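The values are calculated or read from the model by the stated rules, or taken from the named source; none is laboratory data. Just so it is clear, the model here is predicted, and its values are computed rather than measured. Here the Cβ positions follow ideal geometry from the backbone for every residue, glycine too, while neighbour counts run over all protein chains shown.
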Amino acid sequence: MATGLWTHEAFSRHVNPPGHPEQVARLAYVERALADARFAGLQRFAAPLAEDASILRCHPQSYIDRIVAAEPVSGWHQLDADTHMSSGSVEAARRGVGAAVAAVDAVMSGDLTNAFVASRPPGHHAERETPMGFCLFGTVAIAAKHVLETYGLSRVAVVDFDVHHGNGTQDLLWDEPRAVFFSSHQSPLWPGTGAEAERGAHDTIFNIPLEPDSGSATMRAAYEGRVFPILSALKPELILVSAGFDAHRADPLANLRWETEDFAWLTARLCDLADTLCEGRIVSVLEGGYDLESLAAASSAHVAMLMERGA
């Protein structure tokens, strides 16, 4: 089998104000890196538009309507201190959800071993009725609900290695006993959530706060000592990844000091577990990463490992 890549030109039509870290160039750098000859074997797909029915798995209709109504004809509409919308934002956010759902379907059907969704805006900070942290819809949480409800799985896992806590995914999966959520993140850091005591309604939330400047060794020990054993014990039938690359040492928004090689290592170890637990099934979705060069390097290392293990 193979690895799939979902993206779309509409993602570049979600435009933040000048100087905003979540910029159009982020995806351009990722796509340029993935255009290299070593990625020729990627199966490439255009991200479809998600209908309300998909988004309703996590957000109420009133919230969807509010987001749609907030989209400006020109310029920007500011939702909070750092979350903005432009005239292309709703289509981009819908296609992000649509891509994640389509990738899940392709992997669950056996057409692909694994997949990466190169989309923006990110999604893991969007709570049930609150857009925040550059995010409008909870893309990965929606994909988790989709696979549970469509394929009747007993367990799905979400692993979020973005440097910021995935408060939105946590909120959207808090009451879902079939979904287990892991978030490794710098603490203290915005949004200020993600304490180990936050466990969810069914003890299926596992937060791994990491101290600033803790670096590669601390991260690897945390995953080997905590995340991987719990994943092995819970035996998910699909692993979803919130792939934020802002823990990289070059990123301007935080300082966990990971290296590019750490993202390849983490991807390989998740693939090891997926091979053992769920026939290699992984769907990864781009979240953060705000230094353009390190985002390109780390995301391409991530996808290269998915391809190596998905062949």
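Could you please give the count of residues in region 265-279 that are within 14 Å of L231 (Cα to Cα) and either part of a loop (DSSP other than H, G, I, E, B) or touching a residue at least 60 places away in the same chain (Cβ under 8 Å) (or both)?
So the answer is 5.
For S214, only one of the following conditions fails: (1) closer than 18 Å to S187 by Cβ; (2) surrounded by fewer than 22 Cβ atoms within 10 Å (Cβ to Cβ); (3) of a type outside the set (V, I, T); (4) out of contact with any Leu (no Cβ under 7 Å at 6 or more places or on another chain). What is its number?
Going through (1) closer than 18 Å to S187 by Cβ; (2) surrounded by fewer than 22 Cβ atoms within 10 Å (Cβ to Cβ); (3) of a type outside the set (V, I, T); (4) out of contact with any Leu (no Cβ under 7 Å at 6 or more places or on another chain) one by one, S214 breaks only (4).
I need every pair where a residue in region 136-165 that is among the hydroxyl-bearing types (S, T, Y) has its Cβ under 6 Å from the Cβ of a residue that is surrounded by 24 or more Cβ atoms within 10 Å (Cβ to Cβ), sequence separation at least 6 or different chains.
Cβ pairs passing all conditions: T139/G96; T139/V97; T139/A100; T139/G123; T139/V285.
Could you say whether any residue in region 282-297 is in contact (Cβ under 8 Å) with a residue 60 or more places away in the chain, over 20 Å from Q23 (Cβ atoms), in a loop (DSSP other than H, G, I, E, B) and acidic (D, E)?
Scanning region 282-297, I find no residue that is in contact (Cβ under 8 Å) with a residue 60 or more places away in the chain, over 20 Å from Q23 (Cβ atoms), in a loop (DSSP other than H, G, I, E, B) and acidic (D, E), so the answer is no.
So, R120, is that one modelled with pLDDT of 95 or more, basic (K, R) and under 21 Å from N16 (Cα atoms) or not?
The answer is yes for R120.
Which of the residues that make up region 47-84 are among the hydrophobic types (A, V, I, L, M, F, W, C), under 18 Å from the mean Cα position of the chain (by Cα) and outside any loop (DSSP other than H, G, I, E, B)? Even if it seems obvious, please write down each step before you answer.
Applying the first criterion (among the hydrophobic types (A, V, I, L, M, F, W, C)) to region 47-84 yields 47, 49-50, 53, 55-56, 58, 64, 67-70, 73, 76, 79, 81.
Of the ones still in play, those that are also under 18 Å from the mean Cα position of the chain (by Cα) are 47, 49-50, 55, 58.
Answer for region 47-84, where residues must be among the hydrophobic types (A, V, I, L, M, F, W, C), under 18 Å from the mean Cα position of the chain (by Cα) and outside any loop (DSSP other than H, G, I, E, B): just I55.
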